[in-house]
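Here's the structure, in structure tokens; my notes come after.
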Amino acid sequence: MKTTILPRAEKELRKLPKFDQIAVAQKIRSLSAPSVTGEEKLAGYSHIYRVRVGNYRIVYKITSDVLSIVLIRHRRDVYRMLKELLG
């Protein structure tokens, strides 16, 4: 499965502290594996999932053969930002 990081998510990833960047990057690499632990489907959105990495959430969308990282934010801000992005 091909993994893409949208520009907004890439910008947010660069803003994180180095230790958290490494942890998030490792989790992103593991997302394409068949059995991801901790992933949950977001209610109200189709094909949108989230996974927790420390205090951060990775929100991603799965289409036929592409996994797109939509948002990487602190857990207190992620759902408000997601509402703004996806309506």
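Per-structure values
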{"quantity": "Flag if Arg29 is part of a strand (DSSP E or B) and over 17 Å from Leu86 (Cα atoms)", "calculated": "no"}
{"quantity": "Contacts under 6 angstrom Cβ, first residue in the range 57-85 being without any contact (Cβ under 8 Å) to a residue 12 or more places away in the chain and farther than 14 Å from Lys27 by Cβ, partner of a type in the set (Lys, Arg) and surrounded by fewer than 17 Cβ atoms within 10 Å (Cβ to Cβ), 6 or more apart", "calculated": "none"}
{"quantity": "Val66 vs. criteria surrounded by 15 or more Cβ atoms within 10 Å (Cβ to Cβ), at pLDDT 85 or above and not polar (S, T, N, Q)", "calculated": "no"}
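So that you can scan it fast, the table gives a plain yes or no per residue for (1) over 11 Å from the mean Cα position of the chain (by Cα); (2) exposed (fewer than 10 other Cβ atoms within 10 Å of the Cβ):
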residue	(1), (2)
Phe19	yes, yes
Gln26	yes, no
Ala33	yes, yes
Leu42	yes, no
Tyr56	no, no
Lys83	yes, no
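The values are calculated or read from the model by the stated rules, or taken from the named source; none is laboratory data. In this text the structure is predicted, and so the values were computed from the model without any measurement. Cβ sites come from the backbone with ideal geometry, for glycine too, and all protein chains shown count toward neighbours.
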